[in-house]
Amino acid sequence: MEELNPYHIAQLQFDRAAERLRLERWLRDMLRVPDRTLSVEFPVKMDNGDIRMFTGYRVQHNNSRGPYKGGVRYSPEMNLDEVRALATWMTWKTAVVDIPFGGAKGGVVCDPSTLSQAELERITRRYTYEISDIIGPELDIPAPDVNTTPQMMAWMVDTYSMGKRHSEFGVATGKPTFLGGSHGRLEATGRGVALTAMNALADLKLNPQKVTAAVQGYGNVGSQAARSLREFGVKIVGVSDSSCALCDPEGLDLAEIDQHVAAHPRHLLENYTKALVLPERNELLEMECDLLVPAALENQLTAKNAGRVQAKLIVEGANGPTTPGADDIFQKRDILVVPDILANAGGVTVSYYEWVQNIQREQWSFREVVEKLDAKMNTSYAPVRDLARREGVDLRTAAYMIAIGRVAESTRTRGVFP
Ligand code: GLU
């Protein structure tokens with residue numbers, strides 16, 4: 001049976017790269033596990049007067065290079081090992097693009113589609129209160145992730161600030177732009193994915209104007225990745241979300257799809273009538289296209305379906321969409337995979353810019369942020385590709401080697417306390 005536990009997968013990916021780096025035993029033992037794991041159980045008053053218990057987590061993986069950093073996810077299936085994996089991936093992500101942060105992740109086990117705004121607000125506030133001892137602008141900085149929004153970041157900032165008795169905008173990123181948020185943050189992850197795809201297409205000597213792409217996931221990351229790819233000349237032939245998969249070999253009309261999604265009560269693609277609907281939504285991963293962007297959840301490309309993927313290039317918008325078993329198959333089949341920690345690092349990169357703006361009490365223009373983001377994504381790609389070529393490894397292993405090398409160097413140089 002294939003290993004599908006994300007934490008075990010994250011450790012396996014780490015081990016592969018650590019082995020290549022000949023990392024010291026103590027650093028391997030230290031960096032393959034999170035520094036701190038907090039699990040909280042808390043009551044929340046529901047709209048009907050009932051009181052329900054919720055479980056929340058915050059996992060801090062490493063802070064050798066700067067404050068812990070990473071999103072908060074709301075999902076009914078979430079468990080501690082998933083959060084541990086996501087926290088670990090954040091450490092490598094901030095290191096591979098060389099921003100001065102560590103890695104963390106958190107979340108609440110809940111299904112937001114069954115909760116009212118008022119209930120979500122009370123859950124967010126109580127969760128923030130429960131983890132408030134271990135977060136802070138210099139300590140650990142949450143951000144949005146799956147099913148969390150700028151509004152929720154505003155509630156987190158407000159709750160934390162009430163405890164401190166002054167406003168602390170730097171305690172979370174991904175806030176609304178009028179409340180200390182950064183211009184360009186909403187677009188950053190998807191735009192970064194598209195920019196990375198452009199770099200990889202150039203390596204493969206493929207002309208974006210002649211490239212077709214399919215995008216799995218039409219949330220914040222997937223929809224923006226599709227829009228940016230379109231802007232760069234790529235034809236989007238398939239998109240999917242939790243409700244269905246749409247395709248059109250002639251190219252989908254994204255503006256029309258966006259209008260449909262905005263008007264849909266749960267912001268889904270279902271009932272859109274101007275494209276073909278695939279019988280099974282996961283067929284999108286195997287459809288005819290040059291570029292595949294998995295931008296939904298973990299474990300979508302596995303040893304089971306990797307042999308049927310038709311794309312020549314996979315750029316990971318989601319965290320952990322490809323299993324190690326699928327990676328091996330893609331490498332044998334000469335399908336290039338640009339790993340999550342590099343491809344989707346645009347989000348946390350602009351989170352860093354947001355945090356810098358908060359500390360300096362500044363607000364940069366959209367153009368300034370996007371120029372910085374583009375430069376960061378472009379300069380982060382080449383060293384990974386070059387190392388992969390030199391070492392004869394896939395891009396994931398190369399990205400891990402660069403990231404682990406940076407964290408190891410900081411840790412070694414700081415030394416061990418006491
Ligand atoms: N949740 C995003 C990620 O997985 C962004 C994290 C952040 O901005 O801190 O990269």
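Rule-based calculations on the coordinates, nothing more; no lab input. No experiment lies behind these values; they were computed from the predicted model shown. Ideal geometry is used to build each Cβ from the backbone, glycine not excepted, and the neighbour counts take in all protein chains shown.
Structure notes:
- With the charge dipole of the chain set up from +1 on Lys and Arg Cβ and -1 on Asp and Glu Cβ about the Cα centre, the Cα lying farthest toward the positive end among the listed residues P324, H8, A408 is that of A408.
- The mean sequence separation of alpha-carbon pairs under 8 Å and at least six residues apart, normalised by the residue count of the chain, gives a relative contact order of 17 percent.
- Using a Förster distance of 45 Å, the FRET efficiency for R333-L139 (Cβ separation, nearest 0.05): 0.55
- When the pairs K93/K304; K69/K105; K93/K205; K312/K332 are compared against a 18 Å limit on Cα-Cα distance, K93/K304; K93/K205 fall above it.
- Taking the number of Cβ atoms within 10 Å of each Cβ as an exposure proxy, the fewest-first ranking of L12, L373 is L12, L373.
- For the chain, the mean residue ellipticity at 222 nm estimated from helices alone is -14500 deg cm²/dmol, where every DSSP H run of n ≥ 4 contributes -39500 (n - 2.57) and the total is divided by all residues, rounded to the nearest 500.
- FRET E, pair S365, R390, Förster distance 41 Å, beta-carbon r, rounded to 0.05: 0.60
- Cα gyration tensor, segment 286-418 - rounded (a/c under 1.5), prolate or oblate: oblate
- Amide hydrogen proximity for T148: with H placed 1.01 Å from N in the peptide plane, the residues at 5 or more positions away or on another chain lying under 5 Å are Y74.
- Whether segment 80-178 is rounded, prolate or oblate, judged on the alpha carbon gyration tensor where a/c under 1.5 counts as rounded: oblate
- With neighbour counts taken as other beta-carbon atoms within 10 Å, the residues D47, D15 rank, fewest first, as D47, D15.
- Estimated at 0.36 nm per residue, the fully extended path between H8 and A382 surpasses their Cα-Cα distance by 131.8 nm.
- Build a GNM of the chain with springs between Cα atoms under 10 Å apart, and of I134, I402, I341 the one that fluctuates most is I134.
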